[in-house]
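A short worksheet on the structure shown next.
The values are calculated or read from the model by the stated rules, or taken from the named source; none is laboratory data. No experiment lies behind these values; they were computed from the predicted model shown. Quick reminder, even Gly has a Cβ in these numbers, built from the backbone with ideal geometry, and neighbours come from all protein chains shown. Remember, those area values only see protein heavy atoms, side chains included, never the ligands or the DNA or RNA. Shrake-Rupley method; radii C 1.70, N 1.55, O 1.52, S 1.80 Å.
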Amino acid sequence: THEIYSETPVRQMGDIDILVREDDKRRAETLLYEMGFEFKEGPHRWQTRRCDLLFGRSGYIKKDLDVDLQWEPRFLVAGHLIEWKAPSAWQNVLPSPSLGKNVFLLSPENHLRYLLLQICNDWGQRRLLAVQLLDFALLSKKCKREPFFRYPKYIPPASKKMLETFEQLMRECFSEEK
């Protein structure tokens, strides 16, 4: 939200996504517990922890503040689990001293790749929000005009096709050449 809407704060933040290195996951969880956050349980407690491990992310809540701790986020795209390569994203993070001395933001390109996977994941589960499309459109304006996502060979063809189709649709919808 900070990166996308820094000039035009048009929407309220829904949650805070925190990316940590997998080696720092336990330490980050301990810090969240010490600050009064609680693990966000799903309807079936035993399933929640297993899903968190499968998807590389878990939720914590404190009053109205919702935090998603992510270490190796995976997304369900066209029936396939796609891993977002967090270690490569760490190579291009941008320091954000206005938010804190140990706070870094994803590069706009990596943020866009992450949003694309999140949108396709949520679209497939019928819980896509219009604000996600707005986020994607505004951030894409800040990025270079090259493909948003390099499709690695390990991505199954059905998932790759969905990502490519969505990327093309977004380019057409939000093109400035109209």
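Note on the range 53-155: enclosed strands (runs of 3 or more DSSP E) holding 3 or more residues that are at pLDDT 80 or above and open to solvent by less than 20 Å² (accessible area, probe 1.4 Å) are 57-62, 65-70. All of (1) under 19 Å from N121 (Cα atoms); (2) open to solvent by 40 Å² or more (accessible area, probe 1.4 Å); (3) of a type outside the set (A, V, I, L, M); (4) without any contact (Cβ under 8 Å) to a residue 40 or more places away in the chain hold for T30 with one exception: (1).
Of the numbered criteria (1) over 16 Å from the mean Cα position of the chain (by Cα); (2) at pLDDT 70 or above; (3) open to solvent by 50 Å² or more (accessible area, probe 1.4 Å), the one S159 fails is (3).
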